[in-house]
Each structure stands twice: as C-alpha cells, then as structure tokens.
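Accompanying notes for the structure given below.
None of the figures in this text is laboratory data; all of them are computed from the coordinates on show. A quick note: this is a predicted structure, and the numbers were derived from the prediction, not measured. Virtual Cβ from ideal backbone geometry, glycine too; neighbours counted across all protein chains shown.
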Amino acid sequence: MSAKESPPPTKAAPVYLRAIRFYRPYLGQIGLALGLLLVTIALNLLKPWPVKWLIDSVIPVATAAKATDTTPDILFWGLKMSIAHATLWAAGSVIVIYLLQGVFNVGNNYILTEIGLKALLHLRTRLYAFLQHLPLHFHERRRSGDSTFRVAYDSQAIQTLFNRGFTAVLSSVITLVGTFAVMFCVDRTLAYCSLAVVPLLWLTISFFARRIRQESDTLQQEESDVLAAATEGLSAIRVVHAFGREEYEVSQFAREAEHSYGANLRLTLTSTLSSLIVGLVTALGTALVLYLGATHVIQSRLDLGNLWIFLNYLTNLYQPLEQLSYTAWSMEGAAAGMQRVFEVMDTEDAVPETPGAPALPPIDGRITFDHVSFRYDAEESLIVQDLSLEILPGQTVAIVGGTGAGKTTVLSMIPRFYDPTEGRILLDGLDIRKYRKKSVRENIAIVLQDTLLLSGTVEENIAYGRLGAKPDEIRRAAVQAQAHDFITRLPQGYKTPVGERGVRLSGGQRQRIGIARAFLKGAPILLLDEPTSALDVSTESEIMDTLRRLMRIQTTLIVTHRLNTVHHYSDRIYVMDQGRLVESGTGAELLALNGHYAHLWAKGNYGA
C-alpha cells in the first residue's frame, strides 16, 4: 500500500467488537468501576434536592415567620431544627454530596484509565510483535515511518474507544435513564417535551459522525506520512548533507506537513460546526421546557422547587445527549485508527509457520536447492528460475553474477526471509518449511554488506549474536574477529555506545563487530551478503582475512559481485545470470570456460 492509499473500508461494528476483546482480562476491574459509576450517578441526581428543600420548605416558612414576627421550627424527617440550622444543613448537604461524588468519580476514572492503558500496552506489544514476525517482503514495500506511526499513535485508539467511548456511552445511558425517570415523576408533560428535540439531535449526530470518520482516517494517514518523511530525511542525513539536499528535504517535509495541516483544519471545522448545531438543538429544547415550566408554575400546576429540580435535570438529560454526540465522533475517529492497526494484524504471512512445526534438529550444514524458483508476486516474473545445487558441510561456496542476477534472493531464502515459489530448500536433507523459522535461523549466522548496529554498546551489539553470552565469550569472539584491539582503544572499551545504526564507528569497524556476532553465534552455516563491497581495498583485504578464519569452521555461502574476494578461496563458484544458474566450478575452471564468469572477470579488470 502506498503512502497515500487509505486502508480498505471496514464497517465500524466489527472494529469495535474486535477492540472489546482486548478488555476481556479486565472484567473484574470493569465491574468495580461500574459499581463506582452507579454511585457517582446517584449522587449526581441528588445534587439539586437540598436546594429544592430550601426553596419549598425553608424559604416559605422563613418568609411567613418574618411577616408574623415568629421563630418557628423546620420539621425534617421527624427532626425539628431552626431556620438557620435548616439553611446550614442544606448548604452542608450540597458540599457533602459534591465531595462524595468527586471521591467516587476519581476512583472510577482511575480504574478505567488503568484498564485503558493496560489494553493499550497489550495491543502495542502484539502489534509490534506482529510487525517483527512479518516477512521482509511486507517491510520492503512499506515506509518504516508508517509502521512506526501505527505502533506509536494509531494503537492509542483502543484507549480512546474504551475511556472516551464505551464507558462514556454507558455512563450517558445510565444518567439519561435515571434523569428521565425522576423528570417523569415530577411532571410528565414537561418530561415528554424535553424529548421533543431528541430525533433532531440524533440526525445531527448521525450526519456528522460519517464525515468525522472519513476525515479522521485521512488525517491519520497524513500524519503517518509526516512521520515517515521526517524519519527518512533524518535517517539519511549524511546523504542529504553530502549532496546538499537540505532545502529539497525541507520542501518534501513541508509538502507532507501541509497536507496534514489541511486535513487537520477540515476535521476541526467539521467538529466545531457539529458542536454549534448540537448546542443549538439542546438550547431549543431548554427554551421549550423553560417556557412550559414557567407556565405550569403560574397556573399552580407545578411548585417552584420542582421547576428548579426539572431545570437541573434537564441539563443532566441534554448533557449526556451532547456527550453521546461527541462520543460518537471520538469513536468514529478511533475506529479509523483501530482499522489501520487491524489492517496490519490481518496481513497474511507470506512465509507461514507450519502449525505444530517442530524445531530443526542439530545439523552438519549441508544445503540443498531442489529445483527452486521464486517470484515476489504472482503477476511478476521469476527472479530465480529452477535452481538446483548442493553445498556440502564445511564447504565455502560463492554465488556471483551481475546486478539483478538473483544472488541475494537465493541467499535470503535459506533463513526463510522468503519461501520458494516452487521447489524446496533442504538443510541436511530436511525441508526447512516443515520446521519452526526460529530454529532454522538459530543454525545460521549472517554477515551483511553494511552491518547494522543497534543503539547500544559495543558489547551489547556483539552479544546480539547470542543473548546471555558471558563477557569473556564476547571478548573471545571479538579477538577471533580481530576487533578486540580497536575496541579496547575506544573511550569506554566494550561499554562504548556505538550511536544510532553504529554511526560512531567506521565501516570496517562495524563489519568486524558483525563478524564477531557470527563467531559468537557459532552456527553451522554462515551466509555472507556482499560483506566487503562497501569497503576500501585495504580494509577489504583485512576483513577477508578475518572472514576466512570464520569460513574454515562453517559451511559458507558468500554472495558477491567482487570476484577477487572469492576466486582463490571458494571450493566452488556458481554463476547466475537473470535468475538462472549458467556456470559452476572453481575460479580457474570458470576462467578456462571463457563464458559468463570470464566476462565478469575481464570487466572487473582483476588481471590473471
């Protein structure tokens, strides 16, 4: 999917149902939060009653007493109290109710927030793990910034769906039912009138919900593109500076940021307009009830205290309705984010694990390609065609050829970065597709053209070859890779940070650390993908001396276009051209054939 393509449309309901499943482990906490929510709503419904009692029972008595110059007592639930004490009691009751509601509300919000964060942690971890296990083909066709955005930002939608979605809906519905029940008991006519604007409110919510869903989806894609542009531009900062392309990169980023600005502005305008219309609808309902309520009071059909109760509850009725509208829009926006998350998690693994597959048993390192062909997609042409070859344990074999010959693809199929479209790859006669990928890769060490280091110390990067290795094992591997001397000269030795992607080290130093990883892993198979092509001649010679020490103890397959690195040191060389195996033999035998290899040798001007 390209950067500007939106994910395929998905109905909101299935997205919501899939999101709810992440909250199953927390049903007990959700039940506790629901209990606190019910108490909070009940206390909220009690808020206007002390004032009603003051209006209906205390103020009239106080007014009459002032006219007659008497000091009567107020009777409340069989208790007598003075007017001053009654007034103080009403004021104190308001404070107590607000305080209790606040305490229960804090507890409820804390538990719900904790649940939402736990679900977010669960989803993020699962999504990142899923991305880690998806085949290289998936990542090669997607901007890394887009995947990062989905893990860091789109995943937050699951917390939004719960804390600002499901719980808000539940709270609003319970408040609506409780409020309307009390209003119905106070004045049925006014209660029915208060619902007159609900159909109009619902139409408004439905209309804007669709627009907000679409515009939220667009905004998230644009924000993803902004992150991708920033990530790519900064990760390639050396190239940018080398070619003086700072202004170009800024303009590219500004273009993506401008798209995000436009999408954000459109969503803000839609949200503001929707809030205005919802406010007008609820104001219309409030005005209608106020007019009829005042008329009922004038006609002595309703006392003033009950009108006070009714107007307070009207706010309690319309506020949840407004909240439901905002909740619907928040959920639509969150659904767009969850859809992008589930789009990744629904991606089919092109290199599937066989259900119940066993671990690969210990092997000697024999590699067999049995009529292997490969293409990335059904509509693309074959990159590797009917390849058959065998590498014996302990042999060093090279695959050479021009650009696009399929060399790296052949190497990448051994650790199951890709699976053959046709044919089989066998290790010691065992079809690797029938065994767990992790166990296959544990038997393989790889040294790449440009060793990628993680943002840690030298020691941590070498230990990446075998997690849990002891310090003396790490140092022994570094000595074998001829890396120990330069490591000890670093400011902090093995504890020296290498910087992001190893930028603080030279190419040759990074390569030696990569070789030290391979020594530490001690796997029976060694794969070398253009291990010296990015190095100068002097460093290449030193690295090849180091690699030959490693190659002597492992079955080695080396892919390169620099023939001088393999001509004299390979037991056999296979020559590929346009995905086909065209020649094989030792370096001398291939030169004698005067074919493809001899042509490549002459082009490289290696001499006799």
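Projecting each Cα onto the charge dipole of the chain (Lys/Arg +1, Asp/Glu -1 at the beta carbon, about the Cα centre), which of A598, A523, L219 comes out farthest on the positive side?
A523
Determine, for each peptide in 413-420, 297-304, 199-206, the mean count of other beta carbons within 10 angstrom over its residues, then list the peptides with the highest first. It would help to have the intermediate numbers written out before the result.
Values: 413-420: 20.2, 297-304: 12.8, 199-206: 15.2.
Averaged packing, sorted descending, gives the order 413-420, 199-206, 297-304.
Check which residues have an amide H placed less than 5 Å from T421's amide H, if you skip close sequence neighbours.
Placed amide hydrogens put S373, F374, R375 under 5 Å from T421.
Residue-wise, which Karplus ³J(HN,Hα) couplings in Hz belong to the range 218-229, taking 6.51 cos²θ - 1.76 cosθ + 1.60, θ = phi - 60°, and x for glycine or proline?
Per-residue couplings from phi come out as 4, 4, 5, 5, 5, 5, 4, 5, 4, 5, 5, 5 Hz.
Hey, what's the per residue convex hull volume over the C-alpha atoms of the range 12-345, in cubic angstrom? Display every interim value, and only then the final one.
Numbers: hull volume 59.2 nm³, N = 334.
It comes to 177 Å³ per residue, whole-number rounded.
Per-residue ellipticity at 222 nm for the chain, helices alone: DSSP H runs ≥ 4 residues times -39500 (n - 2.57), over residue total, nearest 500 deg cm²/dmol?
Values: 23 runs with 359 residues, N = 608.
So the helix-based figure for the chain works out to -19500 deg cm²/dmol.
Out of the range 326-390, which trypsin sites (Lys or Arg not before Pro) are coil in DSSP terms and have no more than 16 other C-beta atoms within 10 Å? Present the calculation step by step, with values, prior to reporting the outcome.
On the way: sites: R340, R366, R375; in loops: R366, R375.
Nothing satisfies the criteria.
In whole Å, what are the extents of the range 219-292 along the principal axes defined by its C-alpha atoms, from largest to smallest?
77, 16, 13
Taking only the C-alpha atoms, wrap a convex hull around the range 463-543 and report its volume per residue in Å³ as a whole number.
Details: hull volume 8.4 nm³, N = 81.
Considering the Cα atoms of the range 463-543, their hull volume per residue is 104 Å³.
Select from P352, F253, V197 the residue farthest towards the positive end of the dipole of the chain; place +1 on Cβ of Lys and Arg, -1 on Cβ of Asp and Glu, and compute about the Cα centre.
V197
What FRET efficiency would be calculated for the residue pair V94, L276, taking the C-beta separation as r and a Förster radius of 35 Å, to the nearest 0.05?
So, using R0 = 35 Å, E works out to roughly 0.60.
Could you compute how fast the range 152-271 diffuses translationally, taking Rh as the Kirkwood radius over C-alpha pairs and applying Stokes-Einstein at 25 °C with viscosity 0.890 mPa s? Give it in µm² per second. Intermediate values should be presented prior to the final figure.
Details: Rh = 18.5 Å.
This corresponds to a translational diffusion coefficient of 133 µm²/s.
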